[in-house]
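We did not get these values from a lab; they are worked out from the coordinates using the rules stated. All figures in this text were calculated on a predicted structure; none of them were measured in a lab. Positions of Cβ are generated from backbone atoms using ideal geometry, with glycine treated the same way; all protein chains shown enter the neighbour counts.
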Amino acid sequence: MNQFSTLILIFLAIAFLLRIDFVFYIIYVCIGVYAWSRWVVPRTAKNLHSGRTYATHSFWGESVTITIYLKNEGRLPVPWVRVTESVAVQLRQGPPVNTVMALGHKKQVALTYTIAARRRGFYQIGPLRLTMGDLFGIQPERHAQLPAEYITIYPRIIPLVRLGLPSRLPFGILASQQRLFADPARPMGAREFRSGDSLRQINWKASAHTRQLLVRTYEPAISLETAVLLDLHTDSYTRQSRANTIEWAIEVAASLAAHLVNQRQAVGLITNGIDPLAMAEGPVFDENSGRLLRHTAAALSANPTALLPPAIPPRHGRNHLVKILERLARIENENTVPLTAWATEATAHLSWGVTILAITARGTEAVCQTLHRLARAGYNPVLMAVEPDANFAQVRERARRLGFSAYLVAAPHDLDRWRAPDRVTR
């Protein structure tokens, strides 16, 4: 602007000194261009509207298409506008949006780009920055911004055929090979009367027809009301493989929760990790990775238990599963409180007989003693260790003596006994 004003003053001085009409004409043109630019740029900027459409939730491994639209709702054309969209590094797939275009009267354009859901998390999309100006560069550039939005990427889910998890509850909806309990809602036939059978079970009509006492038989069933107890205490995991092992533990938790919900079972989630979204007054993201930042150093030293996210109680249904997956998408490991000092209090609200799937790094003696206390309290704990352990046979035997089951699930192939044949989904 200062340079343009100086140029007009120079032309004006030349015009008065030399008395040349053409120089006056140039001055008039420059003043007209300046006045037009000063009048039109604010109005075109005011009439330029932008928006963004995309799927706000995605499963691991999917590609998400994001559409940015710009519309000039004014009667004047937009000479030029630079469009720049910020995308997290971990989501980028192809070049980012960074282009310059012109928009005519009432014209709308759409720009699309794709992001890859390569890692679970809660990510920021944007902000979208718009820079506008006039053709001659007379007026200062004007800037506008479309606020950032967010996308949740669920952890990977491996479909499981069967879990084979025992339960202490006498009734349920999953058929079982255990003959401890029978569900009267599932009749399956009749058999000969035996000593000790209740008279209420006698099928009098069938007995009269066959002329021998027959009793009704029912299909045995178990209930898998389950709580996933996910240990994300940082120091519980070996430093060398900590990041990968923790991600695998979260994937195991997500796979188990999805399977149980698909089987119409109630499932909940309890974890000693932290949810950065719940901790901050507003989401704060790392500029490089695009993931949520956490500020916990001072808070951890004061009261680490207060930082733990609230437990998600066992419930049924797809909507409840989405709630669990969203928590697992955002959850992060931290040195809050160890499993051995936290599990008893964390599970105190659960009903008697609930199956507790304790997912942790290793089946140490302290961990086994903790699960033993849960078993004595009337729960049905199941240890699921996610770190490789060459001596896990000893852990399994120790768990058996203490009254609960133990499984080693240190790699995807360890889930083969439960996985659907030739099928892994995102």
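If you wrap the Cα atoms of the stretch 76-129 in a convex hull and average its projected area over all directions, you get 4.2 nm².
Taking the number of Cβ atoms within 10 Å of each Cβ as an exposure proxy, the fewest-first ranking of Trp60, Trp80 is Trp80, Trp60.
Counting only lysines at least 8 places from Lys71 when in the same chain, those with an alpha carbon closer than 28 Å to its own are Lys46, Lys106, Lys107. Computed over the stretch 47-153, relative contact order equals 31 percent, with contacts defined as Cα pairs under 8 Å that lie 6+ residues apart.
Between Met101 and Phe59, how high is the FRET efficiency from 1/(1 + (r/R0)^6) when r is the Cβ-Cβ distance and R₀ = 45 Å? Nearest 0.05.
Values: r = 33 Å, r/R0 = 0.74.
Efficiency at R0 = 45 Å is approximately 0.85.
Given R₀ = 25 Å, what would the calculated FRET efficiency be for Gln145 paired with Arg118, taking r from the Cβ atoms and rounding to 0.05?
Values: r = 27 Å, r/R0 = 1.08.
In this case the efficiency is close to 0.40.
Determine the sum of side-chain charges near Met132: Lys and Arg each +1, Asp and Glu each -1, restricted to other residues whose C-beta is under 10 angstrom from that of Met132. Net charge in that neighbourhood comes out at 0. The residues Ser86, Ser37, Ser63, when put in order of fewest to most other Cβ atoms within 10 Å, stand as Ser63, Ser86, Ser37. Amide hydrogen proximity for Gly268: with H placed 1.01 Å from N in the peptide plane, the residues at 5 or more positions away or on another chain lying under 5 Å are Thr226, Ala227, Val228, Arg315. In terms of the mean number of neighbouring beta-carbon atoms within 10 Å, the peptides 317-327, 229-239 order highest first as 229-239, 317-327.
Sort Tyr150, Tyr379 so that the residue with the fewest other Cβ atoms within 10 Å of its own Cβ comes first and the one with the most comes last.
Values: Tyr150 15, Tyr379 23.
Taking fewest neighbouring Cβ atoms as first place, the list is Tyr150, Tyr379.
Go through the stretch 46-117 and name the trypsin sites (Lys or Arg not before Pro) that are in a DSSP coil and have 11 or fewer other Cβ atoms within 10 Å of their Cβ.
Numbers: sites: Lys46, Arg52, Lys71, Arg75, Arg82, Arg92, Lys106, Lys107; in loops: Arg75, Lys106, Lys107.
Passing sites in the stretch 46-117 are Arg75.
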